[in-house]
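Asks: Here it is, the structure, as structure tokens.
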Amino acid sequence: MVSIDLGSNTFRCIAYDCENKRFGKAFERIVKTADALHQSGRISEQALERVLHAIEDADQLYDFKTANVKAVTTAAMRMAENSDEVLQQFKERSGIAFEIIDADKEAEFTLKAVRYRMNALGIKNDSFVLLDIGGGSTEVIFSHNGRMQSKSFPVGIVTVAQQCETPDEVRQMLKELLIPVGNYVQTYYRETGKPQTFVTTAGTPTTMAAFLQGMTYDTYDVSKINGYRLTLTECQTALEELLALDDQNRAVFVGVGKETLIVAGVVIVQMFYELLGFDKSIVVDDGVREGVAIDYCG
């Protein structure tokens, strides 16, 4: 089967063998689904076309007409007032029917994938907090003795980056946006205790882990990303080095379309380290698309 996750910034697919429980070919494209969404409340025509082009290119790899496809989409489509119309166009023009999943289901799929990966890496996972920063929202997911508790917040790298020009502006904006997050975290810590481990997933932490190891977007090696210990100090190093690059050279490392977003993403990650009270995290590349595949195959 092939699972598809259309996020607020990225279109991601992966093949999965249900019998052997092995992942196969992966595809990823930055499509900026949430581009200008905070201004218009709608998915733009340009974003719609970028997604359709990504589907066409992915079809060359998977041949969607002959595959079992499970496609989901998240925050941007949840927020957009024209999401039904956009998804209808996707179905008519590509044949793929996307399901809009709510924040709880998104967290459930992400957690399923991360637990799978942590088990494969031999990392203890009975008590951890998982941070999933997307283009339009951020999920804070607590896992304690197999039980999940999660909440979604309207903090995303696309929506924040399009309203801020400098790291200082991002920090200033986040001070207010993160107040509800801080309240949620402190309540959990009082009731359950601080988790043993901090885990980060999604594009910003994985990009930082790759950048700090000297990888470009084209030489990205997932085997060197999963399990990487990313410290708060390294986040600052990555931020300073990325800021020193112009957009063209930055795109070589982070991907075309992400060069203007990554700085905001790094600052958001830094502020979550401080809010959650950790100085390092375990980076995991797996997310919604892998969780969808695992869930589909039972």
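The values are calculated or read from the model by the stated rules, or taken from the named source; none is laboratory data. Remember, predicted model here, so these are calculated numbers, not experimental data. As a convention, Cβ positions derive from the backbone with ideal geometry for all residues, glycine included, and neighbour counts pool all protein chains shown.
Asks: Identify all residues within segment 2-50 that are surrounded by fewer than 17 Cβ atoms within 10 Å (Cβ to Cβ) and of a type in the set (A, V, I, L, M, F, W, C); write none if there are none.
Replies: C18, A26, A36 - these are the residues of segment 2-50 that are surrounded by fewer than 17 Cβ atoms within 10 Å (Cβ to Cβ) and of a type in the set (A, V, I, L, M, F, W, C).
Asks: Also, I was wondering about something else. Could you check how many residues of segment 109-142 are in a loop (DSSP other than H, G, I, E, B), buried (at least 24 other Cβ atoms within 10 Å of the Cβ) and at pLDDT 90 or above?
Replies: 0
Asks: Right, another one. Residues in segment 254-263: is at least one more than 27 Å from K112 (Cα to Cα) and touching a Pro at 6+ places or on another chain (Cβ under 7 Å)?
Replies: Within segment 254-263 (the criterion being more than 27 Å from K112 (Cα to Cα) and touching a Pro at 6+ places or on another chain (Cβ under 7 Å)), the answer is yes, since at least one residue qualifies.
Asks: Do you know which residues across segment 1-60 are within 26 Å of I157 (Cα to Cα), assigned to a helix (DSSP H, G or I) and among the charged types (D, E, K, R)?
Replies: Answer for segment 1-60, where residues must be within 26 Å of I157 (Cα to Cα), assigned to a helix (DSSP H, G or I) and among the charged types (D, E, K, R): E45, E49, R50, E56, D57.
Asks: Same structure, new question: Contact list please: Cβ distance under 7 Å, first residue in segment 135-152 and among the basic types (K, R), second residue crowded, with 21+ Cβ neighbours inside 10 Å, pairs at least six apart or on different chains.
Replies: Within 7 Å, the pairs are K151/V140.
Asks: Give the number of residues within segment 225-235 that are part of a helix (DSSP H, G or I) and exposed (fewer than 13 other Cβ atoms within 10 Å of the Cβ). Quick ask: steps written out before the conclusion?
Replies: So the first thing to find is which residues in segment 225-235 are part of a helix (DSSP H, G or I), and the list is 232-235.
With the extra rule that they be exposed (fewer than 13 other Cβ atoms within 10 Å of the Cβ), the set shrinks to 233.
Here the count works out to 1.
Asks: In this structure, does R93 turn out to be touching a Lys or Arg at 6+ places or on another chain (Cβ under 7 Å) and either charged (D, E, K, R) or in contact (Cβ under 8 Å) with a residue 40 or more places away in the chain (or both)?
Replies: Against the criterion (touching a Lys or Arg at 6+ places or on another chain (Cβ under 7 Å) and either charged (D, E, K, R) or in contact (Cβ under 8 Å) with a residue 40 or more places away in the chain (or both)), R93 does not qualify.
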